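Chemist: One structure coming up, written as structure tokens, with questions to follow.
The values are calculated or read from the model by the stated rules, or taken from the named source; none is laboratory data. Here the structure is a predicted model, which means the values were calculated and not measured. Note that we place each Cβ from the backbone using ideal geometry, even for glycine, and neighbour counts take in every protein chain shown. These area figures cover heavy atoms from the full protein model, side chains too; ligands, DNA and RNA do not enter into them. Shrake-Rupley method; radii C 1.70, N 1.55, O 1.52, S 1.80 Å.
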Amino acid sequence: MLRRLVLTAAASATAALSAVPVASGASAAPMSGAPMSGTPMSGSPMVGAPISALMPPPARDEDSGDRLTVTVHGMGNGADGRYELRCHPGGGSHPDVDGACQQLDGKTTWGKDPFGPVPPGTMCTMLYGGPATAHVTGTWAGRPVDARFDRTNGCEIARWDALVPLLPDTRA
């Protein structure tokens with residue numbers, strides 16, 4: 001039984017090595033486990049493969065950084081609309097790219113979501129801050145964002161104000 005297990009393992013290893021792509025002009029490492037000259041063996045599953053095969057594809061500009069879309073309604077005074085914001089590097093159609101990126105960077109800490117809702121059960125004052133609403137979507141700090149904001153009570157007003165200038169300042 002042990003002999004059959006050893007033979008099966010050896011056959012599987014041989015099949016696996018023969019399926020590994022090998023760089024042109026090179027050959028797979030010998031079965032003895034001794035590396036060939038110039039061939040990386042440090043546990044790499046792609047013995048003899050070109051180094052470029054082990055690296056991820058280069059990042060595209062449109063995939064880098066943090067990207068958000070902010071849609072604002074009910075503000076009036078010309079602040080309504082849809083804005084694109086890119087941070088790291090900064091860009092987009094947002095009216096204050098640098099300020100919004102700095103505000104979000106300051107609010108981004110481990111274990112806290114700057115876009116999170118008001119926690120359930122929170123006691124909020126019955127203040128009305130106006131009809132303004134905002135919807136923020138995209139990616140921030142490697143995580144998806146889909147957050148809605150309004151000014152229907154004191155907690156929601158504070159939540160909105162904490163993200164000014166990403167969201168427009170209603171006091172202006």
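Chemist: For Q102 and D146, FRET efficiency with R0 = 25 Å and r from the beta-carbon atoms, rounded to 0.05? Can you show the working numbers first?
Modeler: On the way: r = 23 Å, r/R0 = 0.91.
The pair D146/Q102 has a calculated efficiency of 0.65.
Chemist: Next question, about the same structure. Students often check this: by mean Cβ neighbours within 10 Å, which of 114-121, 88-95 ranks highest, and how do the rest follow? The partial results should precede the final answer.
Modeler: Details: 114-121: 11.8, 88-95: 14.6.
So the order, starting with the most tightly packed, is 88-95, 114-121.
Chemist: Rounded to the nearest percent, how much of the accessible area of the stretch 90-150 (1.4 Å probe, protein heavy atoms only) is carbon and sulfur?
Modeler: Numbers: 2320 of 4070 Å².
Solvent-exposed carbon and sulfur of the stretch 90-150 make up 57 percent of the total.
Chemist: Still on this structure: Between Y128 and N77, what's the calculated FRET efficiency when r is the beta-carbon distance and R0 is 22 Å? Round to 0.05. Write out the running numbers ahead of the final one.
Modeler: Details: r = 18 Å, r/R0 = 0.82.
The calculated FRET efficiency here is 0.75.
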